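The values are calculated or read from the model by the stated rules, or taken from the named source; none is laboratory data. Note that the structure is a prediction, hence the values are computed from the model and not measured. Cβ coordinates were reconstructed from backbone atoms using ideal geometry, including for glycine residues, and neighbour counts include every protein chain displayed.
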Amino acid sequence: MTTKSSTRSEFKPEKAIRRFDVFAEYNRLDALKDGRPPDQAKGHGIWLAKVVASRRYGPKTESDGAGQKRSHLDPDTAFKSVGDELQTDETFDHDIIDRMGNGFYHDVFAPAIKKALDDGLKYEEIRDDIRTDWKPNRG
C-alpha cells in the first residue's frame, strides 16, 4: 500500500456516475453506521435507492400503486425485495460497483462519499457536486 492519496482525477469510472449511485452508497454507509452487517448494509443501500427511484421515476397510474406491495422483507433473509427481485449485497456489487469499475469504486468513489458523510454533509448537499469530475473515459 502506498502513502500517496487518491484524488478524483487519478481514476475514471467505466460508466457515468449517477445520483442513484451516490444515494445507494450514502445509504449503505449510513446503514453501516447504524450497526448493520456489511452485506445487509449493501442490500439496504441498493433497495432504498430503487424504492426511491421507482417512486420518483416510475410510471404513474390512477391509484399510483395504492394497495400494491412494492417491497417487502424476505422472511428467510435480512434482505428486502423490490417487486420480485431480492436486493442483496450481490445486487449492490453488480448494479453499483461493477458498473463503475472496482478500482474506481474502492479508490475514489466510496472514500469520497464516506468523507462527505463523516463531515456531516447530507445527500442533497453532495449528490451533484461530488460527481462533477467523475467522467468516464471515452474511447
Boolean, Glu90 is outside any loop (DSSP other than H, G, I, E, B) and either at pLDDT below 95 or surrounded by 13 or more Cβ atoms within 10 Å (Cβ to Cβ) (or both): yes
Subset of the range 120-129 (residues that are touching a helix residue (DSSP H, G or I) at 6+ places or on another chain (Cβ under 6 Å) and of a type outside the set (Lys, Arg)): Tyr123, Ile126
Residue count for the range 97-125, restricted to those that are surrounded by 17 or more Cβ atoms within 10 Å (Cβ to Cβ) and not in a helix (DSSP H, G or I): 1
Selection count, the range 38-56, where residues are under 14 Å from Ser81 (Cα atoms) and surrounded by fewer than 16 Cβ atoms within 10 Å (Cβ to Cβ): 2
Positions within the range 92-139 being polar (S, T, N, Q) and either more than 12 Å from Ala16 (Cα to Cα) or free of Cβ contacts under 8 Å to residues at least 40 places away in the same chain (or both), in sequence order: Asn102, Thr132
Test: residue in the range 29-37 that is over 20 Å from Ile126 (Cα atoms), surrounded by 12 or more Cβ atoms within 10 Å (Cβ to Cβ) and at pLDDT 95 or above: yes
Matching residues in the range 126-135 - criterion: being part of a loop (DSSP other than H, G, I, E, B) and surrounded by fewer than 16 Cβ atoms within 10 Å (Cβ to Cβ): Asp128, Thr132, Asp133, Lys135
Per-region count, the range 38-57, residues at pLDDT below 95 and closer than 22 Å to Phe104 by Cβ: 1
Residues of the range 16-28 classified as over 17 Å from Phe104 (Cα atoms) and out of contact with any Gly (no Cβ under 8 Å at 6 or more places or on another chain), total: 0
